[in-house]
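The values are calculated or read from the model by the stated rules, or taken from the named source; none is laboratory data. None of the values given here were measured: they were computed from a predicted structure. Neighbour counts run over all protein chains shown; Cβ positions are idealised from the backbone, glycine included. Just so you know, the surface numbers come from the protein's heavy atoms only, side chains and all, with ligands and any DNA or RNA stripped out. Shrake-Rupley method; radii C 1.70, N 1.55, O 1.52, S 1.80 Å.
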Amino acid sequence: MTLTCKDLVTIHAEAWERATVHPFLTGCQRGTITAAQFNTWLVQDYLFVKDFTRMVGKMLGAAPDHHLDVLLAGLMALKDELLWFQAKAEERGLKLEAPRQSTCSHYCDFMAGLVLEPYPVQATALWAIEAAYNQGWQKPGPMPAPYTEFADRWGNPGFTDYVKLLATQADEVLTQASDHTQALASTTFLRIANLETAFWQMAFVA
Ligand code: HMH
């Protein structure tokens, strides 16, 4: 069996569609999202990105030598992203020391557990997590202010190239992995798609 990132999007097409096309994103595009809903997402996503950064940090310990450069570039971008979140929260008068909502907690626990999985599963997960935002923020088309910079952060061409590099790295190790590891990568992808959908939904249940 050979499996690639592209195959995963095909196999789990419906779950991926739900993860990347959501009323939260169309609400930003149409201006119908409320400030409270947007701020809920913003604070929870900051809490998510802190733990996502830890996940990528742990991947350095498992990655082959020639994957380090892309992972380190990713970590540099995450350093900038965490500071950017802090600036956005400050502009909006938001406290970032909020408790995690349960969906955010589940996602963070899931990411912390990935260190126990084979590296091809971790590489697939990293690509899927970044691809979800890259596609999700691009799909609605141009975003009006004040959401333009949010859409640009994950939808810009440089980020799209980074996501392609992550797919190349994941594909390389995934196609060489055992059937068992490939099956694990597939369930991991589906889990991420479902967590992404639930994460958008959080803004509406707070
Ligand atoms: C929930 N998924 C979530 N937040 C993010 N910032 C990303 C993916 C992409 O980094």
Would you tally the residues in segment 103-115 being within 14 Å of the ligand (Cβ to nearest atom) and open to solvent by 60 Å² or more (accessible area, probe 1.4 Å)?
2
State yes or no: is A98 open to solvent by 10 Å² or more (accessible area, probe 1.4 Å) and free of Cβ contacts under 8 Å to residues at least 60 places away in the same chain?
yes
Let me spell it out: the conditions are (1) surrounded by fewer than 14 Cβ atoms within 10 Å (Cβ to Cβ); (2) among the small types (G, A, S); (3) within 15 Å of the ligand (Cβ to nearest atom), and A145 meets all of them except one. Which number is the exception?
(3)
Segment 174-185 - residue that is touching a helix residue (DSSP H, G or I) at 6+ places or on another chain (Cβ under 6 Å) and part of a helix (DSSP H, G or I) and, of those, surrounded by the fewest Cβ atoms within 10 Å (Cβ to Cβ)
L184
Give the residue that is surrounded by the fewest Cβ atoms within 10 Å (Cβ to Cβ), with candidates limited to residues of segment 25-34 that are within 21 Å of G93 (Cα to Cα) and in contact (Cβ under 8 Å) with a residue 40 or more places away in the chain.
G31
From the residues in segment 66-88 that are within 12 Å of Q169 (Cβ to Cβ) and open to solvent by 30 Å² or more (accessible area, probe 1.4 Å), which one is farthest from the ligand (Cβ to nearest atom)?
H66
Quickly run through segment 54-65 and pick out the residues that are within 12 Å of the ligand (Cβ to nearest atom) and not in a helix (DSSP H, G or I).
none
For T20, indicate whether it is surrounded by fewer than 17 Cβ atoms within 10 Å (Cβ to Cβ) and either in contact (Cβ under 8 Å) with a residue 60 or more places away in the chain or not basic (K, R) (or both).
no
Positions within segment 30-53 being more than 16 Å from the ligand (Cβ to nearest atom) and either under 21 Å from S105 (Cβ atoms) or under 14 Å from the mean Cα position of the chain (by Cα) (or both), in sequence order
A36
Could you tell me whether any residue of segment 28-37 is in contact with a Ser or Thr (Cβ under 8 Å, 6 or more places away or on another chain) and part of a helix (DSSP H, G or I)?
no
Determine which single condition P118 fails, assuming it passes every other condition in (1) of a type outside the set (D, E); (2) within 14 Å of the ligand (Cβ to nearest atom); (3) open to solvent by 30 Å² or more (accessible area, probe 1.4 Å); (4) within 23 Å of W16 (Cβ to Cβ).
(2)
Index of the failed condition, L165 passing every other in (1) more than 16 Å from the ligand (Cβ to nearest atom); (2) in a helix (DSSP H, G or I):
(1)
The listed residue being assigned to a helix (DSSP H, G or I), open to solvent by 20 Å² or more (accessible area, probe 1.4 Å), closer than 22 Å to A87 by Cβ and more than 11 Å from the ligand (Cβ to nearest atom), out of D152, D171
D152
